[in-house]
Structures are given as C-alpha cells and as structure tokens.
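Engineer: One structure is given below, represented as structure tokens, and several questions about it will come after.
The values are calculated or read from the model by the stated rules, or taken from the named source; none is laboratory data. Fair warning: this is a prediction, and the values are worked out from it, not measured in the lab. For neighbour counting, all protein chains shown are included, and Cβ atoms are generated from backbone atoms with ideal geometry for every residue, glycine included.
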Amino acid sequence: MSAVPLQAYVILSAVLFSIGVAGVLLRRTALILFMSIELMLNAVNLAFVTFARMHGNLSGQLIVFFVLVVAAVEVVVGLALIVGIFRSRETVDIDAVDALRG
Amino acid sequence: MEIILFVIAGALSLAGGVGVVAARKLVHSALSLLLVLGSLAVLYLTLAAEFVAVLQIILYAGAIVVLFLFVIMLVLPRVSARLASSDAGSLRPIAFVFGGALAAILAFGALRGMRQMTPQALPAGFGSVESIGRSLFTEFVLPFQIASLLLLIGIITAVVLGKAPSRS
C-alpha cells in the first residue's frame, strides 16, 4: 500500500533535526532558537510516527501526543521568560543575557 | 500518488526548515515554521496517523505559532534593527559541518538499522481518534494524568511570569 519506503521519512526527519541543530548554533535570537527547538521536536515526532507505522504499533503516536503537550508547555514557559527578559533588558539576544557568567 | 505527496510535502518542510534558520525577519521565521508544521501534518496523514495530523494543526499551527507571532509582535518594533547583527558569525562553519555530519550519521544509522524492516499490516482503525483514546485511557493513563499536571504548571508559570511588574 505505501509506495514510499518508510526509510525516506526517517531520512527526512534526520535532515530536519540537523537543520534545527544548525539553527541553534547559527542564530543568537532567543525566539529563533525556540523555533529551531520546535523544528527538532517535530523531526523527532515524524520519526515516532514513522516507526509507529512501520511496526503497526500505536505507542509511537501516543508518544507524539505527549511530546505535543510538553512542547506546548515549553513554548508557553519559554516565551513568558523571553518576554520577561525583554522587559528588564530590552533585548532578545541570548549573548546579552550573561549575568551568570563566572 | 503517495510518492508525489511525499516529495511535495517533504520538499516544503525542508524549505520551511531552512527558512526558519535563515530568514532575516522574525515573522518570516515564524511563518516558515508554520510551513514545516503544515507539511508534516500532510506526511502524518500518509502514515496513517489521522489524529496526530489533526492535533498537529490545532495545537502547533493553531496555538504555538500564534503564540510566537504574538510575542514577536510585542518584541519586534524595538529589536528588529539589531537582529541582523545578532548572528553567531564565528560559529557558522562549525554549525554547517556539525549539522551536515549529524544529518549524515543519523540517516546512515537509520538506513542501516531499518534495512530489513518492512511495514507491518495495520489493524483496522489504526491512528483513529477511537484507537488513540482507548490506548490513552488504558495503557497510558498515568502519563496522561501527569500531562494534565504539567499543563497546570504551564498555566501558572505563564501567569506568574507574564504579569506586569508591580510599580511599588
């Protein structure tokens, strides 16, 4: 039934994950770092759904459900932190937030 | 049919991923993220994950991206001028090499590990709301409860952190 080999989905997921990693390394804007993290989470979700399809086992899709919940909470808390940092420091550049540097 | 869908949605998701990382404007990054999420929802549909695809649209595209856009709206007018200079220029070659190597290693490992695997036949109703719900309230009931607690923590955190600082 599936004309596309499922390996192709996993490779797509690997490439998306790597784009997310490169984004975290490349950009210094807190918001874009967050979006890159979302990108990585989504790549992992794609891999989970692919494995669920591969094994005919629903657990992969359930884990994606929980990843979605955690991602939603993470974004809410993270964006609240970013807004808070922006209020006190007028920047969203993570290199400027180095008060804890030793 | 499926292969056409996969190629189109896969290419769109990759383009969106590059857009998130490479866009000069924050709003363009957020909209590229939306493109990734939408095309991944299409891919979920081709993988017999209907409920996950719908969740992806409602939760990610509907809630998370909108939240991003709101925060960008709050923050943007005062930081956009400084964004262009806020790249980690010195990390650029490392990021490209590391990202490329990571993609190669992950893809190689996946191909090697999945060489002899073939897709199993799916039971009827695989990935439907009913099957997911049944599994959620039997096998995964404890994580489900913990997830509700986590959401509560998220709400409280957002209220506490998002409250305007008192003037006193």
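Engineer: Give the residue, chosen from B:94, B:105, B:155, that is of a type outside the set (S, T, N, Q) and either over 29 Å from residue A:70 (Cα atoms) or not in a helix (DSSP H, G or I) (or both).
Structural biologist: The unique qualifying residue is B:94.
Engineer: Of all residues in segment A:39-85, which are charged (D, E, K, R), within 19 Å of residue B:62 (Cβ to Cβ) and surrounded by 24 or more Cβ atoms within 10 Å (Cβ to Cβ)? Spell out how you get there, then give the answer.
Structural biologist: So in segment A:39-85, the residues charged (D, E, K, R) come out as A:53, A:74.
Still in the list and also within 19 Å of residue B:62 (Cβ to Cβ): A:74.
Passing the criteria: none in range.
Engineer: Does residue A:72 satisfy the condition of being facing chain B (nearest Cβ under 8 Å), in a helix (DSSP H, G or I) and under 23 Å from residue B:68 (Cβ atoms)?
Structural biologist: In short, yes.
Engineer: Of the residues that make up segment A:53-69, is at least one more than 7 Å from chain B (Cβ to nearest Cβ), of a type in the set (A, V, I, L, M, F, W, C) and touching a Gly at 6+ places or on another chain (Cβ under 7 Å)?
Structural biologist: no
Engineer: Considering A:38, A:74, A:90, which residue is under 17 Å from the mean Cα position of the chain (by Cα) and either at pLDDT 95 or above or over 27 Å from residue B:7 (Cβ atoms) (or both)?
Structural biologist: A:74
Engineer: While we're here: Output the number of residues of segment A:77-102 satisfying the condition of being touching a Leu at 6+ places or on another chain (Cβ under 7 Å), facing chain B (nearest Cβ under 7 Å) and part of a helix (DSSP H, G or I).
Structural biologist: 6
Engineer: On to the next question. Can you tell me which residue in segment B:106-144 is surrounded by the most Cβ atoms within 10 Å (Cβ to Cβ), limited to those that are touching a residue at least 24 places away in the same chain (Cβ under 8 Å) and β-branched (Val, Ile, Thr)?
Structural biologist: Ranking the candidates gives B:132 first.
Engineer: Moving on. Part of a helix (DSSP H, G or I), on the phi < 0 side of the Ramachandran plot, modelled with pLDDT of 85 or more and at the interface with another protein chain (Cβ under 7 Å from one of its Cβ atoms): is that true of residue A:49 in this structure? Write out each step before concluding.
Structural biologist: Numbers: part of a helix (DSSP H, G or I): yes; on the phi < 0 side of the Ramachandran plot: yes; modelled with pLDDT of 85 or more: yes; at the interface with another protein chain (Cβ under 7 Å from one of its Cβ atoms): yes.
Yes.
Engineer: Would you confirm whether any residue within segment A:18-29 is polar (S, T, N, Q), crowded, with 24+ Cβ neighbours inside 10 Å and more than 7 Å from every other protein chain (Cβ to nearest Cβ)?
Structural biologist: No, there is no match, as no residue in segment A:18-29 is polar (S, T, N, Q), crowded, with 24+ Cβ neighbours inside 10 Å and more than 7 Å from every other protein chain (Cβ to nearest Cβ).
Engineer: If we scan segment B:112-123, do we find a residue that is over 26 Å from residue A:24 (Cβ atoms), in a helix (DSSP H, G or I) and more than 21 Å from the chain's Cα centre (by Cα)?
Structural biologist: yes
Engineer: Still on this structure, please answer the following. Could you tell me which of the residues B:124, B:103, B:147 is small (Gly, Ala, Ser) and over 30 Å from residue A:82 (Cβ atoms)?
Structural biologist: B:124
Engineer: Out of the residues in segment B:1-47 that are small (Gly, Ala, Ser) and surrounded by fewer than 17 Cβ atoms within 10 Å (Cβ to Cβ), which is modelled with the lowest pLDDT?
Structural biologist: So in segment B:1-47, the residues small (Gly, Ala, Ser) come out as B:9-11, B:13, B:15-17, B:19, B:22-23, B:29-30, B:32, B:38-39, B:41.
Next cut, surrounded by fewer than 17 Cβ atoms within 10 Å (Cβ to Cβ) only: B:11, B:15, B:22.
Values: B:11: 94, B:15: 94, B:22: 87.
Only one residue tops the list, namely B:22.
Engineer: Taking only segment B:9-26 into account, find how many residues are in contact with a helix residue (DSSP H, G or I) (Cβ under 6 Å, 6 or more places away or on another chain) and either of a type in the set (Lys, Arg) or more than 7 Å from chain A (Cβ to nearest Cβ) (or both).
Structural biologist: Pass one, segment B:9-26, residues in contact with a helix residue (DSSP H, G or I) (Cβ under 6 Å, 6 or more places away or on another chain): B:9-10, B:12-13, B:16-17, B:19-21, B:23, B:26.
Among the residues that remain, those that are also either of a type in the set (Lys, Arg) or more than 7 Å from chain A (Cβ to nearest Cβ) (or both) are: B:9, B:12, B:16, B:19, B:23.
The number of residues fulfilling the criteria is 5.
Engineer: Which residue pairs have Cβ atoms under 7 Å apart, sit 6 or more places apart or on different chains, and have a first residue in segment B:17-39 that is of a type outside the set (Ser, Thr, Tyr) and a second that is assigned to a loop (DSSP other than H, G, I, E, B)?
Structural biologist: What qualifies is B:24/B:84.
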